[in-house]
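Inspection log for the structure reproduced underneath, given as structure tokens.
The values are calculated or read from the model by the stated rules, or taken from the named source; none is laboratory data. Keep in mind the model is a prediction, meaning the values are calculated, not measured. Neighbour counts run over all protein chains shown; Cβ positions are idealised from the backbone, glycine included.
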Amino acid sequence: MNTKHMTLGEFIIDNQRFFKYSSGELSRLINSIRLAAKVVNHEIRKAGLVDIIGAAGDINIQGEAQQKLDVLANDLFKQTIINREIVCGIASEEEDDFVIVEGKDKSNENKYVLLMDPLDGSSNIDVNISVGTIFSVYRRVSPEGTPVTKEDFLQKGSEQVAAGYVAYGTSTMLVFTTGNGVDGFTLNPAIGTFYLSHPNIQIPEEGNIYSVNEGNYVHFPKGVKNYIKYCQAEEDNRPYTSRYIGSLVTDFHRNMIKGGIYIYPTSSIGPKGKLRLLYECNPMAFIAEQAGGKASDGYKRILDLQPTELHQRVPFFCGSTKMVEKAEEFMADHP
Ligand code: AHM
Ligand code: MG
């Protein structure tokens, strides 16, 4: 079949033989994420309209409803996945602890756990800027048929069997990997179908975009400060372009397509950084590597870090390989 006209559903059927563990479960899980993404997309696309109605009527309720969009996204993803009985546990940015998913007879033979940030960058919704959903999938390590444990979630990123994101941008895209490259699908909103629009995405090895919240410059470590100065220097192909939306999925997506580096470092006000290892950095790192890019905490490969907590934060340097390597050189000067 001409892949240009391939739908996400067809792609999953066609590609499940390449999945790390070839089982229908993972296909069903990705299918469910696809479904939840469409529902969340529908809700997000109404956000502006809700505001208009709110301004004319009950402002408080509409204001509250908007703040609740990330909770709504969490519930929609959770329920869509739980209803289909395809995972044994879910961890989410919106939940303090992981959720044990029980089957009908209380046992659960499902093999996978899902970790997610249901609506990353949700503060951007108020100002009509793109947001995203990020997800990560592992095989459980505890025995099947028993309740899922924390250890099932605290696995190194290198153990991920699938990861992806949904970008609710000018168009809605679902980008994911199952460890066999990265493919992007764009939603045709008229018929509610994702089509393969970006097959086998490759991050340019070198880029000229750097994305970092420079407002925090004075708080950054010396290595990051020096790298930013390097990006701004008038030399070779520099200065680079600075682009920072403050919405990880969107900043990452742009840099992956065009070539660039995203940095969220430690700082004197955030000594561990801001982004969460399990459902923000690991999935993005897996996608970056699968697209030929690199992801690091400034010194070490993100996917090699052993998680110790569900909501653990890490510094994050991710994007074009040569740019991340250069940033690491500057970090190495100030360990
Ligand atoms: P969130 O999960 O609370 O939405 O925070 C994550 C977001 C990222 O999307 C974005 O890159 C970052 O926070 C922006 O943070 P800052 O405003 O500190 O630059
Ligand atoms: Mg987030």
Practice problem: Output the number of residues of the range 175-196 satisfying the condition of being touching an Asp or Glu at 6+ places or on another chain (Cβ under 9 Å) and either part of a loop (DSSP other than H, G, I, E, B) or more than 16 Å from ligand 1 (Cβ to nearest atom) (or both). | Solution: 3
Quiz item: Quick one: in the range 252-288, which of the residues that are under 11 Å from the mean Cα position of the chain (by Cα) and not hydrophobic (A, V, I, L, M, F, W, C) is nearest to V175 (Cα to Cα)?
Solution: H253
Quiz item: Across the range 239-272, which residue is farthest from M323 (Cα to Cα) among those that are of a type outside the set (V, I, T) and assigned to a helix (DSSP H, G or I)?
Solution: L248
Self-check item: Enumeration of residues in the range 257-272 that are surrounded by 20 or more Cβ atoms within 10 Å (Cβ to Cβ), within 16 Å of ligand 2 (Cβ to nearest atom) and closer than 16 Å to L305 by Cβ
Solution: Y264
Practice problem: Keeping to the range 89-114, report how many residues are more than 13 Å from ligand 1 (Cβ to nearest atom) and in contact with a Phe, Trp or Tyr (Cβ under 9 Å, 6 or more places away or on another chain). | Solution: 8
Quiz item: Is it true that some residue in the range 258-277 is of a type outside the set (V, I, T), within 8 Å of ligand 1 (Cβ to nearest atom) and touching a residue at least 60 places away in the same chain (Cβ under 8 Å)?
Solution: yes
Practice problem: Output the residues belonging to the range 221-243 that are among the hydroxyl-bearing types (S, T, Y) and either surrounded by fewer than 16 Cβ atoms within 10 Å (Cβ to Cβ) or out of contact with any helix residue (DSSP H, G or I) (no Cβ under 8 Å at 6 or more places or on another chain) (or both). | Solution: T241, S242
Quiz prompt | Residue in the range 115-128 that is modelled with the lowest pLDDT, counting only those that are more than 11 Å from ligand 1 (Cβ to nearest atom) and of a type outside the set (A, V, I, L, M) | solution = D126
